[in-house]
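Encoded as C-alpha cells, the structure appears first; notes follow it.
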Amino acid sequence: MFGRFTSSQNSLLDEFWRLQQEMDEMLGDGPFSSGGIRSLPRGSFPAINVIQTAEEVQVFLFAPGLDPKKLDVSIQQGLLTISGQRQIDVDDKSTYYRQERFAGDFRRAISLGEDVDAERVTATYRDGIVQIKLHRRESAKPRQIEIH
C-alpha cells in the first residue's frame, strides 16, 4: 500500500524521530509530554514523593549516590527547602551520545501548610532515600467532640 522506503525516506523518518525527541526534551513536563510514570520536568532532581496524613507530612527524597551529610535541609515560613550538589565523574576520553544524569547544584522547595510544626521535624537517610517527617501542630489535628 505505501510502497517500500528508500534510503532518503529512511533518513527523513530518522530526522523526524530526532526532532520529536528534541521537542520532548524541550517541552519537558508540559501539556505535550508523555506524562509517564518516570517523567519529571527537566532539571528536577532529586525526585520526591510527598505524603500527608492527619498526624504528619512525609517527604521522600530519592537521592542515590549522594552524601546525606552534604544535603542542606531547612524549613522557613512554611517552605521546606532541600539543596545540595551532585557530582558525576566524566571520562574526558569518551564521547557521550546522550547524558541524562544530572550533575551540579540542585534545589527543591516544597510549600507546606500552616499547620506543620517547624520544631518537630526529623530526617533519616537509608538506601539512597531521605525521609523527612514534619509533624502537624496539635491544634491542627482533627479531634472528635463528644455531644452530651
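So which residues in the stretch 104-126 are basic (Lys, Arg) and free of Cβ contacts under 8 Å to residues at least 24 places away in the same chain? Correct list: Arg120, Arg126.
Candidates Gly43, Gly65: the one that is modelled with pLDDT of 70 or more, part of a loop (DSSP other than H, G, I, E, B) and surrounded by fewer than 11 Cβ atoms within 10 Å (Cβ to Cβ) is Gly65. Among the residues of the stretch 69-121, those that are more than 14 Å from the chain's Cα centre (by Cα), of a type in the set (Gly, Ala, Ser), closer than 21 Å to Ile51 by Cβ and loosely packed, with under 15 Cβ neighbours inside 10 Å comprise Ser74, Gly78, Ser111, Gly113. Look at the stretch 83-103: where a residue is farther than 24 Å from Asp72 by Cα and a partner is of a type in the set (Ser, Thr, Tyr), sitting 6+ places away or on another chain with Cβ atoms under 9 Å, you get Val90/Tyr96.
The values are calculated or read from the model by the stated rules, or taken from the named source; none is laboratory data. Bear in mind the structure is a predicted one, so any value in this text is a computation, not a measurement. Note that we place each Cβ from the backbone using ideal geometry, even for glycine, and neighbour counts take in every protein chain shown.
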